[in-house]
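Peer 1: Questions regarding the structure given below will be posed in turn.
Read-outs throughout are calculated quantities, based only on the coordinates presented, and are distinct from any laboratory measurement. Since the model is a prediction, treat every value here as computed from it, not as a measurement. Reconstructed Cβ throughout: ideal geometry from the backbone, glycine too, with neighbour counts over all protein chains shown.
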Amino acid sequence: MNISMDIARHVLASQPFSTLLGTRVTGFAPGHSELRIPIRDELKQQNGFVHGGVLSYAADNGLTFAGGSVLGSAVVTSEFKINYVRPALGDELVARASVVHAGKSQAVCRCEVFCVSAGSETLCAIAQGTIVSLPRDSRDDL
């Protein structure tokens, strides 16, 4: 079940935390997603780098949107792992995720998070996770 860019934008807009961060869906196709987050001072830690929690959020949501692109919009992250490879500095974060393998009710996905400065991208984190479909009975609460 593939979902459209309009549904992806609606799902993102219904997440108060995503709205707080100013996250945008800028790419969405079966098996792929791209999210962008503007970097502002409130998202930085004491050394001036983007806080690891923001990078983790970007990866988590990127993974979930990629998984949801093939499983449908009623999905959640079952687990994920992230590697921070360098401090994030710049104007914007970009999280690009893709489905590595999908079954009927779960998808294993990979996400790379880049920081963008003066139009140049630098890899700052890599994540992998499992996205699962919500059981039918729990979807009534959505």
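Peer 1: Would you check if residue 64 is in contact (Cβ under 8 Å) with a residue 24 or more places away in the chain, crowded, with 19+ Cβ neighbours inside 10 Å and either touching a strand residue (DSSP E or B) at 6+ places or on another chain (Cβ under 8 Å) or of a type in the set (Phe, Trp, Tyr) (or both)?
Peer 2: yes
Peer 1: Among the residues of region 44-51, is there at least one that is at negative phi and of a type in the set (Gly, Ala, Ser)?
Peer 2: No, every residue in region 44-51 fails to be at negative phi and of a type in the set (Gly, Ala, Ser).
Peer 1: Mind counting the residues in region 2-59 that are of a type in the set (Lys, Arg) and either in a helix (DSSP H, G or I) or over 15 Å from the mean Cα position of the chain (by Cα) (or both)?
Peer 2: 3
Peer 1: Of the numbered conditions (1) closer than 20 Å to residue 25 by Cα; (2) free of Cβ contacts under 8 Å to residues at least 12 places away in the same chain, residue 136 satisfies every one except a single condition; which is it?
Peer 2: Going through (1) closer than 20 Å to residue 25 by Cα; (2) free of Cβ contacts under 8 Å to residues at least 12 places away in the same chain one by one, residue 136 breaks only (1).
Peer 1: Of everything in region 107-121, what is assigned to a strand (DSSP E or B), touching a residue at least 12 places away in the same chain (Cβ under 8 Å) and either within 15 Å of residue 54 (Cα to Cα) or not charged (D, E, K, R) (or both)? Give them in sequence order.
Peer 2: Hits for region 107-121 are 107, 108, 109, 111, 112, 113, 114, 115, 116, 117.
Peer 1: Of 110, 86, 96, which residue is exposed (fewer than 15 other Cβ atoms within 10 Å of the Cβ) and charged (D, E, K, R)?
Peer 2: None of the others qualify; the one that does is 86.
Peer 1: Scan region 23-39 residue by residue and report those that are over 27 Å from residue 100 (Cα atoms) and out of contact with any helix residue (DSSP H, G or I) (no Cβ under 9 Å at 6 or more places or on another chain).
Peer 2: none
Peer 1: Among all residue pairs at least 6 apart or on different chains, which show Cβ distances below 9 Å where the first residue, located in region 9-22, is closer than 17 Å to residue 52 by Cα and the second is among the aromatic types (Phe, Trp, Tyr)?
Peer 2: Pairs found: 17/57; 18/57; 21/57.
Peer 1: Within region 68-105, can you find the residues that are assigned to a loop (DSSP other than H, G, I, E, B) and under 22 Å from residue 40 (Cβ atoms)?
Peer 2: 86, 87, 88, 89, 90, 91
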